[in-house]
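Notes follow the structure.
The values are calculated or read from the model by the stated rules, or taken from the named source; none is laboratory data. Computed from a predicted structure; not experimentally measured. Using ideal geometry, Cβ is built from the backbone for each residue, glycine included, and neighbour counts are taken over all protein chains shown. We work out accessible area using only protein heavy atoms, side chains counted, and drop any ligands, DNA or RNA first. Shrake-Rupley method; radii C 1.70, N 1.55, O 1.52, S 1.80 Å.
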Amino acid sequence: MNRQALFTTYMACCSFLCFLLMWSPGVLAPIKKGNAMVLTGEFSRVHDPSRIIKCAGKYYVFHTGNNIGMRYSTDLINWTRGKSVLDKVPEWARKAVPLAKNDHTWAPDVIFLNNKYYLFYSFSTFGSKVSATGLVTSPTLDPESPDFKWMDQGVVLATTTESDYNAIDPAPILDAQGDLWLSIGSWNSGGIKLVKLDKMSGKPISQPVTIAAGQSLGPEAPYLYYNNGYYYLFENEGFCCRGMSSTYSVMMGRSKTITGPYLDKAGKDLAKGGGTPFLTTDGQVIGPGHIGIFSEDGFDRFTYHYYDSLNNGVATMGLQTLVWGKDGWPRAGSDLPGGRYAIISRASGLALGIHKASWDDGTPIDQFEYGGGAMQQWNVSPVGGGYYSISSLGSGKHMDLAECSAKDGTRIGQYPWLNNDCQRWRIEQTGEDTYRIISKGGATALTLPGGTKAPQALVEGHAWKGDIGQQWIFKRLP
């Protein structure tokens, strides 16, 4: 028997043994929770990040800092420090908050409407209700554009020692009817307020109403998000700004109307102390808070800050997917932990494997009934920057997007490890048990065209549209 025949017989025996093992009781175990997205670059020393907003091909985040801090990215993973928004704090803000002696501005948030960007921010001193929320606007966020210019629009809201809330932590939202509102407030008996704004000027046209109050520590840092008939209110409770000793956590409730009442999962009103946990301390993530949600192509992510226990409690920006459960409530998604998996199409229920069990370079990836063989087992391994290699246990070769092409219909095949972006994949949670697989090289998603149930149908690279044929279930193997 020649060498190739011996190898073929050996692999067949291994595949049969794997078949017996894979179908032992309990082998296809559910995966455990993984980590948030792996970020690189200048993403630390970010406190109170805004929602992500996209302009001219770049993603921007604004945050607490001197004259409103800013970071930007082209891929949501590698972040760069940008120029502060303000040259200096406006004189009207200094008059409103006379005890503030520096240019430290707090908790900005941004929204796009009327063909320009509205950036709300607050100015205050720690522990005081003497605060002001201001507004600046610009037709673009791109500093290289000739149209780029932040214009001061003055005060939006101001509070004094006599006020029952604190005019900080502003977060704008357009409701289902297209009206503009601002949630605001922090750490006082009056709690979190909601006020309607004029859609052109960004200034109040209603009196503030209370939507969260009565929590033992908080609430503050509100954020409202509309999804599938409900407004979801996220707010912070606990102590911030204490590094490793911070006790911040994000709580939530929801309402059919923007003005409330916002009820938690147990039916308790957030205006009367209610709140269901959404994000709490976990591992190196200490005291997470101040979330903002970014949606792109039907895919939701949220930013937040936390105090990094592996970096002396430095305030750090986090980014995770937002997963909507079957009960309609959101939860924090996670990246996939490295390991060995069967990869099952949500559309067909069939498993990915190497076409005709070939070891040849360029052999395409297809789907067929899971049989437990080595050609249907995949090693998922981190390769840096939040990306993974996906290699066949049977052939030892890696899933590869042909020529890193961004064209729909590009073949997915196998090749030895070439250490290029065609073989790097981002794996992100899209549902309670589903993930999408995105190529770094082509920025396209691993796709079963049409969600076909046909055995041996080939998978391809296509632009992400959220189709069922682009969603995959990872079953962990021993």
Unique match (being closer than 17 Å to Lys83 by Cβ and either loosely packed, with under 15 Cβ neighbours inside 10 Å or touching a Cys at 6+ places or on another chain (Cβ under 9 Å) (or both)) among Pro108, Pro146: Pro146
Count of the stretch 318-366 residues which are farther than 25 Å from Ala454 by Cβ, among the aliphatic types (A, V, I, L, M) and in contact with a Ser or Thr (Cβ under 6 Å, 6 or more places away or on another chain): 1
Count of residues meeting criterion [under 20 Å from the mean Cα position of the chain (by Cα), hydrophobic (A, V, I, L, M, F, W, C) and open to solvent by 40 Å² or more (accessible area, probe 1.4 Å)] in the stretch 423-459: 1
Residues (at pLDDT 95 or above and small (Gly, Ala, Ser)) located in the stretch 373-397: Gly373, Ala374, Ser381, Ser389, Ser391, Ser392, Gly394, Ser395, Gly396
Candidate set: the stretch 236-269, residues that are free of Cβ contacts under 8 Å to residues at least 60 places away in the same chain and among the β-branched types (Val, Ile, Thr); chosen: the one nearest to Thr280 (Cα to Cα): Val250
The stretch 163-178, residues that are part of a loop (DSSP other than H, G, I, E, B), modelled with pLDDT of 95 or more and open to solvent by 40 Å² or more (accessible area, probe 1.4 Å): Ala176, Gln177
Exclusive hit being farther than 20 Å from Ala96 by Cβ, open to solvent by less than 30 Å² (accessible area, probe 1.4 Å) and modelled with pLDDT of 95 or more, set Tyr117, Tyr121: Tyr117
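Name the residue that is modelled with the lowest pLDDT, counting only residues in the stretch 72-83 that are within 23 Å of Arg424 (Cβ to Cβ) and surrounded by 17 or more Cβ atoms within 10 Å (Cβ to Cβ).
Pass one, the stretch 72-83, residues within 23 Å of Arg424 (Cβ to Cβ): 72-80.
From what's left, surrounded by 17 or more Cβ atoms within 10 Å (Cβ to Cβ): 72-73, 76-77, 79.
Values: Tyr72: 98, Ser73: 97, Leu76: 92, Ile77: 89, Trp79: 97.
Of everything passing the filter in the stretch 72-83, Ile77 is modelled with the lowest pLDDT.
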Flag if Asp308 is modelled with pLDDT under 95 and not hydrophobic (A, V, I, L, M, F, W, C): no
Strands (runs of 3 or more DSSP E) wholly inside the stretch 332-422 containing at least 1 residues that are open to solvent by 50 Å² or more (accessible area, probe 1.4 Å): 339-345, 365-368, 378-384, 410-415
Some residue of the stretch 180-195 being over 24 Å from Gly273 (Cβ atoms) and open to solvent by 10 Å² or more (accessible area, probe 1.4 Å): no
Subset of the stretch 468-478 (residues that are crowded, with 17+ Cβ neighbours inside 10 Å and either among the small types (Gly, Ala, Ser) or in contact (Cβ under 8 Å) with a residue 60 or more places away in the chain (or both)): Gly469, Gln471, Trp472, Ile473, Phe474, Lys475, Arg476, Leu477
Residues of the stretch 244-259 classified as farther than 30 Å from Asn311 by Cβ and surrounded by fewer than 20 Cβ atoms within 10 Å (Cβ to Cβ), total: 4
